[in-house]
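Each remark here refers to the structure printed beneath this line.
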Amino acid sequence: MATTVLTLVGSLRNGSTNQQLAEATSANAPEGVEVNIYSGIEDIPFYNEDIDVEGQVPAAAVALREAAGAADALLLVSPEYNGTMPAVLKNAIDWLSRPMGAGAVFGKPAAVIGTAYGQFGGVWAQDEARKAVGIAGATVLEDVKLSIPGSLVRFAETHPKDDAEVVGQVAAVLEGIRAAAESN
């Protein structure tokens with residue numbers, strides 16, 4: 001049986017290098033790993049406990065929770081916006097954290113990767129995403145990381161799925177996720 005990895009991308013921009021990085025993980029998943037890139041993250045309203053009530057939860061939030069509940073692990077792909085993760089990614093984590101102690105990602109392995117224009121590849125944003133998803137109840141894989149700097153230059157003419165170094169790196173990330181999911 002394959003390990004299913006729900007992948008949430010924090011960038012909504014067309015041509016996003018982080019979306020391309022997610023596509024590279026999907027295209028280069030090792031045998032026995034299925035990567036599902038979630039679409040619709042932009043449709044989820046900001047978390048509000050007043051609407052997180054049975055029978056009133058927005059359909060987009062229900063769909064996200066169902067997708068996370070069906071997955072074996074979570075992969076967050078985050079750019080860095082003003083030194084932290086994008087609001088859309090944080091919002092998804094907020095919805096997945098509820099109910100507290102029993103959310104859809106509770107106890108599931110989670111890894112964070114990303115790329116950014118700067119020289120550090122978005123590590124601040126990725127650290128914030130790890131912190132938030134850990135507090136949400138996921139088991140953060142601290143040793144499963146990938147930060148790719150200089151994204152706009154590096155991927156100006158080459159899609160990450162065609163970059164041999166990135167292909168090896170994303171395969172290693174997915175192997176780490178699979179190992180954690182299998183031992184979970």
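We did not get these values from a lab; they are worked out from the coordinates using the rules stated. Note that this is a predicted model, so its numbers are computed, not measured. Using ideal geometry, Cβ is built from the backbone for each residue, glycine included, and neighbour counts are taken over all protein chains shown.
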Putting +1 on Lys and Arg Cβ atoms and -1 on Asp and Glu Cβ atoms, find which of G69, Y38, I113 reaches farthest to the positive end of the dipole of the chain. I113
Using square roots of five times the C-alpha gyration tensor eigenvalues, list the equivalent-ellipsoid semi-axes of the chain in whole Å, biggest first. 25, 19, 14
Relative contact order for the chain: what percent, with Cα pairs under 8 Å and sequence separation of 6 or more? 26 percent
Going by how many other beta carbons lie within 10 Å of each one, how would you line up V53, V88, V144, fewest first? V53, V88, V144
Output the DSSP H helices from the chain with an along-axis C-alpha extent of no less than 20 Å and a mean Kyte-Doolittle hydropathy no less than 0.5. 164-183
Of all DSSP beta bridges in the chain, antiparallel share, percent nearest 5: 5 percent
Could you tally the net charge around M100, taking each other residue with its Cβ under 13 Å from the Cβ of M100, Lys/Arg +1 and Asp/Glu -1? -2
State to the nearest 20 debye the size of the charge dipole of the chain about its Cα centre, where the only charges are +1 on K and R beta carbons and -1 on D and E beta carbons. 200 debye
How do F46, F106 line up, fewest other C-beta atoms within 10 Å first? F46, F106
Cα centroid separation, the range 1-17 to the range 18-64 (Å): 8 Å
Under 5 Å between amide H atoms, partner at least 5 residues away or on a different chain: which partners does T3 have, H built in plane at 1.01 Å? V33, E34
